[in-house]
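Structure, as structure tokens:
The values are calculated or read from the model by the stated rules, or taken from the named source; none is laboratory data. Here the structure is a predicted model, which is why all the values come from computation and not from measurement. Methodologically, a virtual Cβ is constructed for each residue, glycine included, from the backbone with ideal geometry; neighbour enumeration extends over all protein chains shown.
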Amino acid sequence: MGLNGEHRALVKSSLIALALLGAGAAEAETCRQALALGLDVSGSVDTVEWHLQIEGLASALAAPEVQRAFLAMEGAPVWIAVYEWAADDAPRDLVAWRPIRSAEDLAEVQATLRATERGPHGIGTALGEAMRHGGVLLRERQDCWRLTLDLSADGRSNAGDKPERVRFEPGLADVTINGLIVSTGSDQASAESVEAELNMLESYFRGAVLKGHGAFVERARNYEDYEHAMTRKLLKELQTVSVGWLDGVTPLAKWQGRGAPPQ
């Protein structure tokens with residue numbers, strides 16, 4: 001039976017309404033967190049440790065609990081970018097900004113990391129420059145509810161501007177800076193000496209690097225422990241953002257014009 005004019009008009013308006021609803025849903029998607037990860041590739045990180053760091057991050061992104069945390073809020077994905085830094089003026093971007101909407105997106109980030117080859121780099125540790133580069137990246141994602149810079153390092157800054165000054169520059173406003181510190185002690189080092197080294201480095205990070213509400217530092221006993229430390233840190237960062245809006249951690253101003261907070 002054919003449709004009369006009235007029925008055809010009704011079907012047409014229904015199709016238009018569905019199309020508008022679909023467009024509205026796409027526009028409603030927002031970014032709940034921009035997460036930039038900066039990896040230390042200075043002279044204290046040898047080739048084996050560099051591979052352990054890259055593989056550790058890739059494996060942490062594959063952990064089921066981390067994947068669940070990334071995908072916890074449909075319609076409000078986390079965006080991720082990865083770069084490496086040393087004492088160079090221009091840190092190297094490894095993974096450009098991309099939204100994580102599925103396990104396949106995470107798998108592509110892992111594949112990109114594992115396909116990366118180590119490039120030339122300076123021997124110094126320029127934490128201030130690493131911060132600035134993270135700030136440049138995060139300014140591209142100002143629409144996100146929360147901006148997080150995640151810096152891994154196995155030593156204090158010894159090149160470039162002091163991080164304790166850089167972290168309060170305008171380019172890092174509204175950015176939370178967390179840290180992952182790694183002991184450089186040999187495999188034969190005693191547990192006490194590794195603990196003492198990490199205590200000193202954590203104290204330095206708390207005084208010169210960390211910034212923002214809930215900022216924290218995670219520890220790795222060595223680069224073999226990097227995967228586990230990164231997994232713990234990602235879970236803390238992602239869970240903080242997933243529930244932060246409940247207790248007012250994320251300012252309401254961050255939501256204006258960027259999609260409604262989840263209900």
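Structure data summary
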read-out: Pair list, Cβ under 6 Å, 6 or more apart: the stretch 52-73 residue under 14 Å from Tyr223 (Cβ atoms) and in contact (Cβ under 8 Å) with a residue 40 or more places away in the chain, other residue among the acidic types (Asp, Glu) and in a helix (DSSP H, G or I); value: Gly56/Glu227; Ser59/Glu227; Ala60/Glu227
read-out: Residue check, Gln67 at pLDDT 95 or above and touching a Cys at 6+ places or on another chain (Cβ under 8 Å); value: no
read-out: Condition check for Ser42: modelled with pLDDT of 95 or more, of a type in the set (S, T, N, Q) and over 26 Å from Asp174 (Cα atoms); value: no
read-out: Any hit, the stretch 139-148, residues being β-branched (Val, Ile, Thr) and closer than 23 Å to Arg92 by Cβ; value: yes
read-out: Extreme residue, farthest from the chain's Cα centre (by Cα), among residues of the stretch 173-186 that are of a type outside the set (Ser, Thr, Tyr), assigned to a strand (DSSP E or B) and under 28 Å from Trp145 (Cβ atoms); value: Ile181
read-out: Any hit, the stretch 242-259, residues being at pLDDT 90 or above, under 17 Å from Cys31 (Cα atoms) and within 16 Å of the chain's Cα centre (by Cα); value: no
read-out: Of residues in the stretch 138-186 being within 20 Å of Gly128 (Cα to Cα) and among the basic types (Lys, Arg), the one surrounded by the most Cβ atoms within 10 Å (Cβ to Cβ); value: Arg167
read-out: Candidates Leu35, Leu106, filtered to the one that is under 23 Å from Gly155 (Cα atoms) and outside any loop (DSSP other than H, G, I, E, B); value: Leu35
read-out: Count of residues meeting criterion [surrounded by fewer than 22 Cβ atoms within 10 Å (Cβ to Cβ) and part of a helix (DSSP H, G or I)] in the stretch 110-131; value: 6
read-out: Test: residue in the stretch 122-140 that is of a type outside the set (Asp, Glu) and without any contact (Cβ under 8 Å) to a residue 12 or more places away in the chain; value: no
read-out: Residue, farthest from Leu147 (Cα to Cα), within the stretch 187-211, restricted to residues that are in contact (Cβ under 8 Å) with a residue 24 or more places away in the chain and surrounded by fewer than 17 Cβ atoms within 10 Å (Cβ to Cβ); value: Asp187
